[in-house]
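The values are calculated or read from the model by the stated rules, or taken from the named source; none is laboratory data. These numbers were taken from a predicted model, which means no experiment stands behind them. Cβ sites come from the backbone with ideal geometry, for glycine too, and all protein chains shown count toward neighbours.
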Amino acid sequence: MKTLRLASGDRLFELAVERHQDACDLVIREEGEGPRVFHASAHTLGSRIFIRDSAGNGCLYAGIRDRGGVWVAWRGNTVYLELAKGGSRGIGDHTRASEVAAPINGRVVEVRVTAGQRVARGQVLGLLEAMKTEVRLEAPRAAVITEVAIAPGDLVDLGQIAFRLDPNSSEELDEE
Amino acid sequence: MFDCILVANRGEIAVRILRTARELGVRTVAVHSEIDATAPHVLLADRACCIGPAGASDSYLCIDKLIDAARSHGACAVHPGYGFLSENADFADACIDAGLTWIGPGPAAIRAMGDKTRARAIAARAGVASVPGGAGLASAAELARTAQELGLPVLLKAAAGGGGKGMRRIDRLAEVDDAWAAARREAKAAFGDDTMLVEKLLYPARHVEIQIVADQHGRVCAFAERECSLQRRHQKIIEESPSTAVDAELRERMQEAACAIAREAGYVNAGTLEFLVDQSGAYYFLEMNTRLQVEHPVTELVSDLDLVRLQLEIAAGGPLSANGTRSAPRGHAIEARLYAEDPERGFLPTSGRIAVLEWPRMPGIRVDAGIHEGSAISSYYDPMLAKIIAWAPQREHTRRRLVSALEDTVVLGVKTNQAFLRDLLEDRTFACGATFTHTVEEWLREEPPKHVVIDDAVLLAAALAPPAASAGAGGTAENRPALGGSPDPYSPWRTVGHWRGLEPPP
């Protein structure tokens, strides 16, 4: 039985499905909790997945897996569960972030900090312009800037590292 | 009517215009950048012409390339859509000089109404009051002085602006310097012009606009108002017609004001007069949009008219059948704009590839979309993916219908504002019609978008989800979903879902 490790925010799931005709047992191991089993009937057609739980409640989902994770949509909601690599924490855990990446393709308008500078959580480190709108790059935590990897006028891609932070500088500076 | 037109745009509006042209039996030419070679608007046109690389300034904004494309494919008229060059008088001039008919207002009217200072003067001559303020500014110091005279809060605007670009709200004098620098920078980037002006911020106020059409024979016709108060950072999100704040008497006065301004400007073709309406029912002219607007479908649904068709007929010299104000709107229409953006991350624009796409199909629902399954959403262009528009006899019925349509919409592969739109429509404030220009920002402060609860059934759906057909290494024919992700075997999206060239690239 194949297991799938998915992360959403700070939750991490390990999933294994056992299929018996139309019924499924989903074994869920969630970080910090004991294993549990979800039993339901399920029908799939392409990317459409219909699930009816043991109480009789049904819901139609749409789902698709890509390289980085799984998209699931239902009743106007859409989530992306990221494929978790062994042992790594889920995305969205900023408390130990050691870098600030560009959240979008854009042009660097302004850089407001220099290497070695101490910054507070939420402080604006630089400005990007994307689709004619300014996007702020903010410090995810209090830290010391160890590297400024962008300069005004640079074109940056989504995910490109813009600033690096001292990995050990958080506790001493973060007073919250 | 024209024999062949070129649509100088992309996305949903290009698709929208091409559909009407086809219906009228007009042949069509689409233009596209290199990354848009299989975009929906290209697949819909009779002819298509690549006009350059992805960046808009090298393709959709190149006047020479667009004129060449029109000439070499035999188009005799050009429709600019909205955005890009639609309010660029030089483009209109260039089309006319090249012997092409410009489907829009004359260059002189575009120039006059595009300059906010001149537009205010035209409104004044037509006897219509504008929002207090409006003088040009030379420096941050002058801005601070004028802001104090008008009384805070004020709104700093780009004279050449639109769509919320180059615009900043100023609540305290301490914000003046930052706002001045940022707004000018944005204005320079968006319009190549950083002339600024400042207006008093009316609060609380509603954004109400009047669609007009004017023919070449002196007839001007106004439609029922659209209310577009629900905005985030001056970008409209939800629009409706009629407005809950406008009664028949106010509607008629605003329609008369709109017609008077259009006549004073010598305006021809479709345009929109934007007003702010305060709580006493007084209205102030804000600006004119000299083009077809994003939210034009709500007007079409309550008036049973095709505005693009009217635009083509007017440009071809045809007369309007009506003159002056129009009768009451028929029923109620609400539009929601679906954007590729992530409300949970400060509404940052998102990008990716649409892996699964399903639109609602039910009575009273219209979808104007510029994407199909397989579309790549890049950060090169506007992040609006589609508009979902509902119509019903009464407002509450329309609202519920649109909520239901949003619940039936599926977009996988790119994060969108879909759930945010649904929640906004479900909120009591919207349900009771108390919509003001500050409503969305206030609502976001009180109820910031939160992560949806992932229950065990969602996890089961995730575990059963098939691999995407185009998800890189795994994308072989064998493990591609049998129905291309769509349960409807006759859906046109199926045929374009995994669109590829027949020959491998050299």
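At-a-glance table
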{"read-out": "Matching residues, the stretch A:1-13, being part of a strand (DSSP E or B) and either among the β-branched types (Val, Ile, Thr) or more than 10 Å from chain B (Cβ to nearest Cβ) (or both)", "value": "A:Thr3, A:Arg5, A:Ala7, A:Leu12"}
{"read-out": "Where B:Gly433 falls short, out of the listed (1) facing chain A (nearest Cβ under 8 Å); (2) assigned to a loop (DSSP other than H, G, I, E, B)", "value": "(1)"}
{"read-out": "Count of the stretch A:16-36 residues which are within 9 Å of chain B (Cβ to nearest Cβ) and over 21 Å from the mean Cα position of the chain (by Cα)", "value": "6"}
{"read-out": "Every residue from the stretch B:344-378 that is of a type in the set (A, V, I, L, M), within 12 Å of another protein chain (Cβ to nearest Cβ) and either under 23 Å from B:Gln235 (Cα atoms) or part of a strand (DSSP E or B) (or both)", "value": "B:Leu348, B:Val356, B:Leu357, B:Ile377"}
{"read-out": "Conditions (1) assigned to a loop (DSSP other than H, G, I, E, B); (2) among the small types (Gly, Ala, Ser); (3) modelled with pLDDT of 90 or more; number of the one not met by B:Gly166", "value": "(3)"}
{"read-out": "Selection count, the stretch B:379-413, where residues are in a loop (DSSP other than H, G, I, E, B) and facing another protein chain (nearest Cβ under 9 Å)", "value": "7"}
{"read-out": "Looking only at the stretch B:389-403, and only at residues there that are buried (at least 17 other Cβ atoms within 10 Å of the Cβ) and more than 19 Å from the chain's Cα centre (by Cα), the one that is nearest to A:Leu81 (Cα to Cα)", "value": "B:Val403"}
{"read-out": "Verdict on B:Val452 being modelled with pLDDT of 95 or more, within 10 Å of another protein chain (Cβ to nearest Cβ), under 28 Å from B:Ile371 (Cα atoms) and part of a loop (DSSP other than H, G, I, E, B)", "value": "no"}
{"read-out": "Count - residues of the stretch A:112-145 that are in a strand (DSSP E or B), β-branched (Val, Ile, Thr) and over 13 Å from A:Val156 (Cα atoms)", "value": "5"}
{"read-out": "Every residue from the stretch B:70-101 that is of a type in the set (Gly, Ala, Ser), assigned to a helix (DSSP H, G or I) and buried (at least 18 other Cβ atoms within 10 Å of the Cβ)", "value": "B:Ala70, B:Ala89, B:Ala92, B:Ala94"}
{"read-out": "Positions within the stretch A:18-28 being in a strand (DSSP E or B) and over 17 Å from B:Ile454 (Cα atoms), in sequence order", "value": "A:Glu18, A:Arg19, A:His20, A:Ala23, A:Cys24, A:Asp25"}
